[in-house]
Amino acid sequence: MHYEGNIIRPPSEAYSILLQATVGCSHNKCTFCGAYKGVRFKIKPDNIIMDDIAFAAKYCRNQDRVFICDGDALIIPQKRLLAILKEIERQLPWVKRVGVYGNTKGISMKTEEELAELRAHGLKIVYMGLESGDDYTLEKVRKGADSKKMIAMGRKVRQAGMLLSITVLLGLAGRERSKVHARRTGEVLSAIDPEYVGALSLMLIPGTPLYAEYEAGRFPILTPEETLRELRGMISHTTLSNGLFHANHASNYLPIKAKFPEDKEQALKLIDMALAGEISLRPEHMRAL
């Protein structure tokens, strides 16, 4: 397989065939992200992508999922992306699901009919980084979209019949806006009603603008207790009709995996027990991105 630079994929795609169709991220301005700094976004040549699919046809026969990397492969023009999916169908007929990262820009460039066409050819799940439902925070971290756009694009993916997995970031708003960040993020998640929510805890990366803010004393990192209170507020304001709310990433202090709506109250009780000191938290040295 032909790979360039860092290959980033969701935790749930750990055992998938990783097909790199783009290099970097077309937005690449978020102040907290260091994944693609210094990398110029590009779509890889079709012949390289097709060669990798042929390689997977020979050597990846035990993997039934494909994740198309990198940061926002959904931005690939429809004709080219459709050709990639059709080649996966042809050469990897055992693959049950293809997934991609999709930001609001990439989603907005596809019509609902085009998204439905992609789904018909195997693209079954889109991973979207919401990070926060608080417009002030979204603007501050240069996310490139406000909450209204996030809701519209999330709903657009769902209306196309695709699964939607949304990532939110605990601690991103700092201390003063923690409660606002928690509440508004829960409200946006409720408005989109995705199948999956993944809550990560902020870990600052040296070299990023947000890290520089921290070093200058202008951005505080939440304590474990403050992070848990923010998570509690976010969960309490989130209503999902039939979704999984995960906070079991390696960055989190307290692993939570709850099916909504039935496990919501149990998740809140678990956080309360941790805040009361009845449950041990993950040690700082064991947290990771």
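Can you find a residue in the range 92-105 that is among the charged types (D, E, K, R), under 30 Å from R177 (Cβ atoms), crowded, with 23+ Cβ neighbours inside 10 Å and under 19 Å from the mean Cα position of the chain (by Cα)? No: the range 92-105 contains no residue that is among the charged types (D, E, K, R), under 30 Å from R177 (Cβ atoms), crowded, with 23+ Cβ neighbours inside 10 Å and under 19 Å from the mean Cα position of the chain (by Cα).
Residue by residue through the range 249-289, note down the ones that are surrounded by fewer than 16 Cβ atoms within 10 Å (Cβ to Cβ) and within 18 Å of L200 (Cβ to Cβ). Matches in the range 249-289: A250, P255, K257, P283, E284, H285, M286, A288, L289. All of A173, A182, A145 fail the test of being closer than 19 Å to G106 by Cα and among the hydrophobic types (A, V, I, L, M, F, W, C), apart from A145. The single condition from (1) within 29 Å of G217 (Cβ to Cβ); (2) surrounded by fewer than 24 Cβ atoms within 10 Å (Cβ to Cβ) that T111 fails is (1). With respect to the conditions (1) within 29 Å of K29 (Cβ to Cβ); (2) crowded, with 21+ Cβ neighbours inside 10 Å; (3) under 20 Å from the mean Cα position of the chain (by Cα), F219 lacks only one, and its number is (3). When each of E230, E187 is tested for being touching a strand residue (DSSP E or B) at 6+ places or on another chain (Cβ under 8 Å) and surrounded by 17 or more Cβ atoms within 10 Å (Cβ to Cβ), the lone residue that passes is E230. Can you name every residue in the range 153-180 that is under 14 Å from R232 (Cα atoms) and either under 17 Å from the mean Cα position of the chain (by Cα) or without any contact (Cβ under 8 Å) to a residue 40 or more places away in the chain (or both)? The answer is V168, L169, L170, G171.
With respect to I48, is the statement that it is more than 27 Å from K149 (Cβ to Cβ), touching a His at 6+ places or on another chain (Cβ under 8 Å), of a type in the set (A, V, I, L, M) and not in a strand (DSSP E or B) true? The answer is yes for I48.
When you look at I125, is it within 16 Å of the chain's Cα centre (by Cα) and over 29 Å from M286 (Cα atoms), yes or no? Yes; evaluated as a whole, the condition is true for this residue.
All conditions but one from (1) surrounded by 20 or more Cβ atoms within 10 Å (Cβ to Cβ); (2) under 17 Å from the mean Cα position of the chain (by Cα) apply to I49; the one that does not is (2).
When you go through (1) in contact with a helix residue (DSSP H, G or I) (Cβ under 9 Å, 6 or more places away or on another chain); (2) more than 30 Å from V180 (Cβ to Cβ); (3) part of a loop (DSSP other than H, G, I, E, B) one by one for G34, which number turns out not to apply? Unmet for G34, out of (1) in contact with a helix residue (DSSP H, G or I) (Cβ under 9 Å, 6 or more places away or on another chain); (2) more than 30 Å from V180 (Cβ to Cβ); (3) part of a loop (DSSP other than H, G, I, E, B): (2). With respect to the conditions (1) surrounded by 15 or more Cβ atoms within 10 Å (Cβ to Cβ); (2) modelled with pLDDT of 95 or more; (3) part of a loop (DSSP other than H, G, I, E, B), S26 lacks only one, and its number is (2). Take the residues in the range 4-19 that are of a type in the set (G, A, S) and out of contact with any Lys or Arg (no Cβ under 8 Å at 6 or more places or on another chain); name whichever of them is farthest from Y196 (Cα to Cα). Once the filter is applied, the top-ranked residue is G5. Among the residues of the range 156-184, those that are buried (at least 22 other Cβ atoms within 10 Å of the Cβ), assigned to a loop (DSSP other than H, G, I, E, B) and among the small types (G, A, S) comprise A160, G171, A173. Looking across the range 32-41, not a single residue is modelled with pLDDT of 95 or more and loosely packed, with under 13 Cβ neighbours inside 10 Å. The single condition among (1) in contact (Cβ under 8 Å) with a residue 60 or more places away in the chain; (2) crowded, with 16+ Cβ neighbours inside 10 Å that G207 does not satisfy is (2).
The values are calculated or read from the model by the stated rules, or taken from the named source; none is laboratory data. Every value quoted in this text rests on a predicted model; they were computed, and no experiment measured them. Neighbour counts are summed over all protein chains in view; Cβ atoms, including those assigned to glycine, are modelled from backbone coordinates with ideal geometry.
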